[in-house]
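The values are calculated or read from the model by the stated rules, or taken from the named source; none is laboratory data. Keep in mind the model is a prediction, meaning the values are calculated, not measured. With ideal geometry, Cβ positions are generated from the backbone for all residues, glycine too; neighbour counts draw on all protein chains shown.
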Amino acid sequence: MSVRRVAEVQPASFAFTSENLDWAKKQIGKYPAGRQASAVISLLWRAQEQEGWVSEPAISVVADLLGMPKIRVLEVATFYTQFMLQPVGSKAHVQVCGTTPCMLRGAEDLKKVCRNRINRDPFALNSEGTLSWEEVECQGACVNAPMVMIGKDTYEDLTPERLEEIIDAFEAGKGKSITPGPQIDRQFAAPIGGATTLTDEAAIMHGGSAQAAAAEAPAVPEAKAAPEPAPAGADDAAPGEGTQPEGLKEARGGKADDLKRISGVGPKIEGVLNELGIFHFDQIAGWNAAEVAWVDERLKFKGRIAREDWIGQAKILADGGETEFSKRADGK
């Protein structure tokens, strides 16, 4: 492990904001008497979130709050590489994964972007002091290589061009507009283009055997079998195709909703939806079963609409509410 030391130039003092101090005291209160030191990582992380990095005065304040010798807190801060021991970009610090999977899939090109766009040297600030970068070891998203981490979020399946756009957004103060995770048409770490195995849900439920699934199905005489009711709005749909939902030529008022706030909708799928005339949450919220089937036929990863409950999410977002995913996408 490389030697990590605190920066030579330090601020004169550090103090938690009143809100963060209250939060810190609550964290300390979670541990029994004599075990307050267990909160050291939490408090150091909150200090870094507040200031952007962990200064020596911050280490001293944390030590005092926890009743620890300063050297013990310093040991923790210098051991864990998630703690920045010198100032980083005020708007973004880009951590580029350089481990083997990312290296093989283009990490060197991402580092070139950082050198050209931010600074030639890692940890060195750009001229405005808003951006910095470093190369790190595995960030745990090998399937989605290459990737970077900014703050708490990862941005995966990157191209140099997409990283440029992400950096531009953060520098413009619009980092929250970028949805974390895969930057291509992929659901989390699922295969690109959709599943290629275990696609028969009935077979999965019966140990992987379609024959077993058929054998266990109750036999119903054809003469007595009642037809299943058709989903609402599907009576005019061609088999397997569904009904095309009503689309718009353009977004209302020239401003489309950010459909990427729906879990399962990435930049590419959002583009497909826009091409189909879908720009707003309330359009998706109003889909019936036949319309879902029609849209589903035009997505490479079929079944995603129902699996991710797009309609339920869209109803909440259309009413001005938030989902757990939209909070994360908005940086909350």
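If the condition is being in contact with a strand residue (DSSP E or B) (Cβ under 7 Å, 6 or more places away or on another chain) and either of a type in the set (Gly, Ala, Ser) or assigned to a strand (DSSP E or B) (or both), then the stretch 76-90 contributes only Gly89.
Here's the yes/no breakdown for (1) farther than 30 Å from Ala145 by Cα; (2) modelled with pLDDT under 95; (3) buried (at least 19 other Cβ atoms within 10 Å of the Cβ):
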{"site": "Gly52", "(1), (2), (3)": "no, yes, no"}
{"site": "Ser55", "(1), (2), (3)": "yes, no, yes"}
{"site": "Ile59", "(1), (2), (3)": "yes, no, yes"}
{"site": "Ile71", "(1), (2), (3)": "yes, no, no"}
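When restricted to residues that are under 17 Å from Ile269 (Cβ atoms), of a type in the set (Gly, Ala, Ser) and in contact with a Gly (Cβ under 9 Å, 6 or more places away or on another chain), the stretch 286-328 contains 3.
Residues being part of a loop (DSSP other than H, G, I, E, B), surrounded by 15 or more Cβ atoms within 10 Å (Cβ to Cβ) and in contact with a Lys or Arg (Cβ under 7 Å, 6 or more places away or on another chain): count how many of those fall in the stretch 292-332. Selection size over the stretch 292-332: 0. Against the list (1) within 30 Å of Glu165 (Cβ to Cβ); (2) at pLDDT 95 or above, the condition Arg46 fails is (1).
Taken together, Ala251, Ala289 contain a single residue that is surrounded by 13 or more Cβ atoms within 10 Å (Cβ to Cβ), modelled with pLDDT of 90 or more and touching a His at 6+ places or on another chain (Cβ under 9 Å), which is Ala251. Would you pick out the residues in the stretch 145-179 that are of a type in the set (Ser, Thr, Tyr) and farther than 21 Å from Asp330 by Cβ? Hit for the stretch 145-179 is Thr159, nothing else.
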